[in-house]
Amino acid sequence: MNFMPDELIGERVVLRAIVNPTLELAAEFDNMRAGGEEHFAEFENISSSPSSPEDRLDWFKWMAENRDKKVYYLIYAGDEMIGAIIAQHYSERDRNCEIGYHLKESATGKGYMMEAMQLVMRALQDGGLMKLKAGTDAGNERSTNLLKKLEYQLEGILKKDYYLKSKGEFRDYALYAKIYEENAGQVK
């Protein structure tokens, strides 16, 4: 995904790709997530996340080294890191990828993720992608509403697809996609 810019600038958010990861950046990310364990654990298994800034730095380095297949953007509102978006599982042949995202709790409901997603989606569309995929816990109303507002279509529900430790149960996973028909004829 080397065609993706290192920085995407919107009216209220700036997205910065992890290109030259540092321990300070890893610590800033961990601080952004600190105190929000309940918020993040509502729909993701945070126990599988790196447990220290050093581990996070190794993960950031791995992300930067694999930029051809994925790009991880950190979302900033002003000088404050508020979340992240990843475009991953990129297929040049099939011209599609999957988008994942999260925001810290104090930044939700303010339109930041809508703007960040629009920036990433525009860059991916300009890069010739035909299909963007996103998945979410079927019960995550904020996420499903965001995808619907962005004109993603529900493609299916995977029943009891993953175990969510914080809830102690298997959860349904909703698969959404947005197709750019205008890019369909651009076979590479």
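The values are calculated or read from the model by the stated rules, or taken from the named source; none is laboratory data. Because the structure is predicted, anything quoted here is derived from the model rather than measured. With ideal geometry, Cβ positions are generated from the backbone for all residues, glycine too; neighbour counts draw on all protein chains shown.
With the checklist (1) in a loop (DSSP other than H, G, I, E, B); (2) farther than 25 Å from GLY111 by Cβ; (3) not aliphatic (A, V, I, L, M) in hand, flag the one item ASP55 doesn't pass.
Status for ASP55: all satisfied but (1).
Consider region 139-188. How many of its residues are within 20 Å of ILE86 (Cβ to Cβ), assigned to a loop (DSSP other than H, G, I, E, B) and modelled with pLDDT of 95 or more?
Within region 139-188, residues that are within 20 Å of ILE86 (Cβ to Cβ), assigned to a loop (DSSP other than H, G, I, E, B) and modelled with pLDDT of 95 or more number 2.
Scanning region 124-135 for residues that are touching a residue at least 24 places away in the same chain (Cβ under 8 Å) and over 14 Å from the mean Cα position of the chain (by Cα), which turns out surrounded by the most Cβ atoms within 10 Å (Cβ to Cβ)?
Checked region 124-135; the qualifying residue surrounded by the most Cβ atoms within 10 Å (Cβ to Cβ) is LEU129.
Collect the residues in region 143-161 that are loosely packed, with under 14 Cβ neighbours inside 10 Å and closer than 21 Å to GLU38 by Cβ, keeping them in residue-number order.
ASN145
Looking only at region 13-35, how many residues end up being closer than 12 Å to ILE75 by Cβ and either surrounded by fewer than 13 Cβ atoms within 10 Å (Cβ to Cβ) or polar (S, T, N, Q) (or both)?
0
If the requirement is being in contact with a Phe, Trp or Tyr (Cβ under 9 Å, 6 or more places away or on another chain), farther than 22 Å from MET117 by Cβ and modelled with pLDDT of 90 or more, which of these qualifies: ALA87, ALA17, ALA77, ALA26?
ALA26
Table: residues versus (1) closer than 20 Å to PRO21 by Cα; (2) in contact with a His (Cβ under 9 Å, 6 or more places away or on another chain); (3) outside any loop (DSSP other than H, G, I, E, B).
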position: ARG67; (1), (2), (3): yes, no, no
position: TYR76; (1), (2), (3): yes, no, yes
position: MET81; (1), (2), (3): yes, no, yes
position: ALA84; (1), (2), (3): yes, yes, yes
position: HIS89; (1), (2), (3): no, no, yes
position: ASP94; (1), (2), (3): no, no, no
position: TYR101; (1), (2), (3): yes, no, yes
position: LYS110; (1), (2), (3): no, no, no
position: MET113; (1), (2), (3): no, yes, yes
